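I have placed the structure first, in the form of structure tokens, so that the comments after it can refer back to it.
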Amino acid sequence: MLRNVVVILVSLLVFSHSARPGERPGATIRTEELTSSIPARAGQDLTGSQFAQYVSKMNLQEREQAIRDEILKGNLPEFLRKLVPVELHCELSGGKSLTATIFVTPDYLAIGSDADFLRIPMNLPTAAAIADRFGFILPTRKMVDAIYLQARYHFVPRPLPAGPQMRSTTYYWTHNQMVEDQAHALGVRLGELVSGDKKDLVLTNRLAVNVGRVAIYGWHRGPGQPIQPLSTVHGANYADYSHGIRLISDVVLIDGQPRSIQDILHNPSAAKVLSDEGPILPRWGIPLTAPGAINNP
């Protein structure tokens, strides 16, 4: 992934132009370069409804592997490849300000086509493997809040009854249909930035202490009103219907200049433009003592 990011950064410095998905001033970048590592979707790939039927009888581990296989081969809707700019700001010492423009998927990761897709929850090892392969990271809590504030459409969270069924494919599909019903009622256009439909898997320093856990945050009812405060109560292999994966490009504009978002998150002075915790030290919070720990469910 590092090699891909370097190539993209160089090309952006040479060939940058205005990216205008959200009509935000100052975002000068070729957004199509940021999704170039995602394979094209094949015409014979499963649609969202077909995938739900395909995995309906699988156990959790089998389904997780199927999710990973489909997305890594490029079976995701076209509209998710059109990233949207989101701006974040902070004040530095000496009265200076810093502006960061991140580039995010307009909705949560899904399997299928634009006409038939399933927003698909997944565990942290799967999400980390996908993000690494495609040149993305997960958001911080500050990013999630900024995405909500700048989203064109806000869904009203619709929790389903709690219980073991929360992890079932039936719940995954049922909740997706509830979100789709809201999307139609709101007149949502594919590719516009939306929020409020899922909780986010996020990056946080708490994962350095709670190793082998997943960090979850969000599902906003309104500005500053997340249903889910930052939590690391669940293990890294846990996922339920309410979880979503919002990918953030590893390329960020800092005061108009392309940088690696991971470099900024590790920078003691600049990190607070992207994180309300300051520098984010752990990557995924997944134990890496065994080879391939990120790549296996």
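Could you tell me whether segment 120-198 comes out rounded, prolate or oblate from its Cα gyration tensor? Rule is a ≥ b ≥ c as square roots of the eigenvalues, rounded for a/c under 1.5, then prolate if a/b exceeds b/c, otherwise oblate. Walk me through the numbers on the way to the answer.
Values: a/c = 1.77, a/b = 1.05, b/c = 1.68.
Oblate, since a/c reaches 1.5 and b/c is not below a/b.
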For segment 41-155: relative contact order, % (alpha-carbon pairs under 8 angstrom, 6 or more apart): 29 percent
Tally of Lys pairs whose C-alpha atoms are under 30 Å apart, taken over the chain, 8 or more apart or cross-chain: 17
Candidate residues Arg158, Arg221, Arg68: accessible-area rank, largest first, probe 1.4 Å: Arg221, Arg158, Arg68
Top of Val84, Val104, Val233 by mean-square fluctuation, Gaussian network on the chain, Cα under 10 Å: Val233
Nearest-0.05 FRET efficiency for Arg158 and Leu92, computed from C-beta distance (R0 41 Å): 0.55
Most mobile listed residue (Lys57, Lys198, Lys82) in the chain, GNM with C-alpha springs under 10 Å: Lys57
Charge sum, other residues only, whose C-beta stays under 10 Å from Asn75's C-beta, Lys/Arg counted +1 and Asp/Glu -1: -1
Convex hull per residue volume in Å³, alpha carbons only, for the chain: 129 Å³
With DNA, RNA and ligands ignored, accessible area of Trp173 (1.4 Å probe; Å², nearest 10): 80 Å²
Karplus (6.51, -1.76, 1.60) ³J(HN,Hα), θ = phi - 60°, over segment 125-140, in Hz, Gly and Pro reported as x: x, 5, 4, 5, 4, 5, 4, 4, 5, 9, x, 10, 10, 8, x, 8
Rounded to whole Hz, the Karplus (6.51, -1.76, 1.60) HN-Hα couplings of segment 41-57, x for glycine and proline: 6, 7, x, 8, 5, 5, 7, x, 5, 5, 5, 4, 5, 4, 9, 4, 9
Contact order normalised by residue count of segment 155-297, Cα under 8 Å, 6+ apart, percent: 22 percent
For the chain, calculated [θ]222 nm from helices alone, where every DSSP H run of n ≥ 4 adds -39500 (n - 2.57): -8500 deg cm²/dmol
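The values are calculated or read from the model by the stated rules, or taken from the named source; none is laboratory data. Values in this document were obtained by computation on a predicted structure and should not be read as measured data. Cβ atoms come from the backbone with ideal geometry, glycine included; neighbour counts cover every protein chain shown. Please note that ligands, DNA and RNA were not included when accessible areas were found on the heavy atoms of the full protein model with its side chains. Shrake-Rupley method; radii C 1.70, N 1.55, O 1.52, S 1.80 Å.
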